[in-house]
1. Return the pairs, sorted by first residue and then second, in which the second residue is part of a loop (DSSP other than H, G, I, E, B), the first residue lies in the range 127-153 and is touching a residue at least 60 places away in the same chain (Cβ under 8 Å), the beta carbons are less than 8 Å apart, and the residues are 6+ apart or on different chains.
2. Looking at the range 93-119 only, could you name the residues that are part of a strand (DSSP E or B) and within 11 Å of the ligand (Cβ to nearest atom)?
3. Which one of these is open to solvent by less than 20 Å² (accessible area, probe 1.4 Å) and more than 12 Å from the ligand (Cβ to nearest atom): 222, 171, 204?
4. Only one of these conditions is not met by residue 127: (1) open to solvent by less than 40 Å² (accessible area, probe 1.4 Å); (2) out of contact with any Phe, Trp or Tyr (no Cβ under 8 Å at 6 or more places or on another chain); (3) within 30 Å of residue 17 (Cβ to Cβ); (4) in a loop (DSSP other than H, G, I, E, B). Which number is it?
5. Could you say which residue among 101, 96, 53, 89 is open to solvent by less than 20 Å² (accessible area, probe 1.4 Å) and over 17 Å from residue 203 (Cα atoms)?
6. Pull out all pairs, ordered by first then second residue, where Cβ-Cβ is under 6 Å, the residues are six or more apart or on different chains, the first lies in the range 73-89 and is more than 13 Å from residue 193 (Cβ to Cβ), and the second is basic (Lys, Arg).
7. Considering only the range 25-49, how many residues are away from the ligand (no atom under 16 Å from the Cβ), surrounded by fewer than 20 Cβ atoms within 10 Å (Cβ to Cβ) and part of a strand (DSSP E or B)?
8. Against the condition in contact with a strand residue (DSSP E or B) (Cβ under 7 Å, 6 or more places away or on another chain) and acidic (Asp, Glu), how does residue 90 come out, does it pass?
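The values are calculated or read from the model by the stated rules, or taken from the named source; none is laboratory data. The shown structure was predicted, so the numbers you read here are calculated from the model rather than taken from an experiment. Reconstructed Cβ throughout: ideal geometry from the backbone, glycine too, with neighbour counts over all protein chains shown. Surface areas here come from the heavy atoms of the whole protein model, side chains and all, with no ligands, DNA or RNA. Shrake-Rupley method; radii C 1.70, N 1.55, O 1.52, S 1.80 Å.
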Amino acid sequence: MARRRKLYEGKAKVLYEGPEPGTLIQYFKDDATAFNNAKKGVITGKGVLNNRISEYLMTRLAEVGIPTHFVRRLNMREQLIREVEIIPIEVVVRNIAAGSICKRLDLEEGKMLPRSIVEYYYKSDRLNDPLVAEEHITAFGWASAQDIDDMMSMSLRINDFLSGLLIGVGLRLVDFKLEFGRYYTEESVIVVLADEISPDNCRLWDSGTNEKLDKDRFRRDLGGEREAYQEVARRLGVLPEAGPMDLKGPKAIQ
Ligand code: UDP
């Protein structure tokens, strides 16, 4: 394979130049980080599993009319995506109290929220992704009122659709984080779902036992991270056939 240009390396993914203009290749790493990079580790096979899980969920979402950056999976660790201009806002949707909202508002973990709550965080490692209001987003020009409207309505639809899909395989969608980007075509610009949807950025609890099947296993040193991600992939019917044997996948070409 030809050498290709690395455009960006994040905590869990690498972006390479794509085969044609307007496309990128998204490579999923096994690296895991938490608490704004203070905790680092590797979950062997995570990249392979997240590639499949995100492919599956983005494909299902596209089928119900949510525009996404996903084009197709290329191999075990890579997918072809459309190049978008990432909006520097993380949209978090919460159904059940967990994580930072419990501390901030003194809520008991596991408490059903009175309704789904959408929060915005400004993407900034330096500032530790602070919680912000719409006022900050529009005043500082991070996104327009129309962008916020689009992100909010898509996030709620995604929440409804994914909550249903996941409960069908015995998983409670506790909360999750989304990122969006502006996709420029010749005639227009639309806001599309970007990044990934996987147990790295969703809290998923077994609906029978409330067992955590997501990155909280890593954050809280619970062990069994890989098994948890595999279980999510298995329930969604996307566990690679060769199972753990397949998990190493090809090495990234730099
Ligand atoms: N999340 C994420 N990236 C972040 C912060 C949060 O993917 O930088 C996800 C996290 O996995 C959870 C949801 O967003 O599903 C809500 O996270 P929370 O605000 O509770 O923060 P945390 O407890 O993870 O610090």
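1. Filtered contacts from the range 127-153: 128/36; 129/36; 129/123; 151/143.
2. Those that are part of a strand (DSSP E or B) and within 11 Å of the ligand (Cβ to nearest atom): 93, 94, 95, 96, 117, 119.
3. The unique qualifying residue is 171.
4. The one condition residue 127 does not meet is (1).
5. Testing whether each residue is open to solvent by less than 20 Å² (accessible area, probe 1.4 Å) and over 17 Å from residue 203 (Cα atoms) leaves just 89.
6. From residues that are more than 13 Å from residue 193 (Cβ to Cβ), the pairs are 79/73; 80/72; 85/182; 88/123.
7. Adding up the residues that qualify gives 1.
8. The answer is yes for residue 90.
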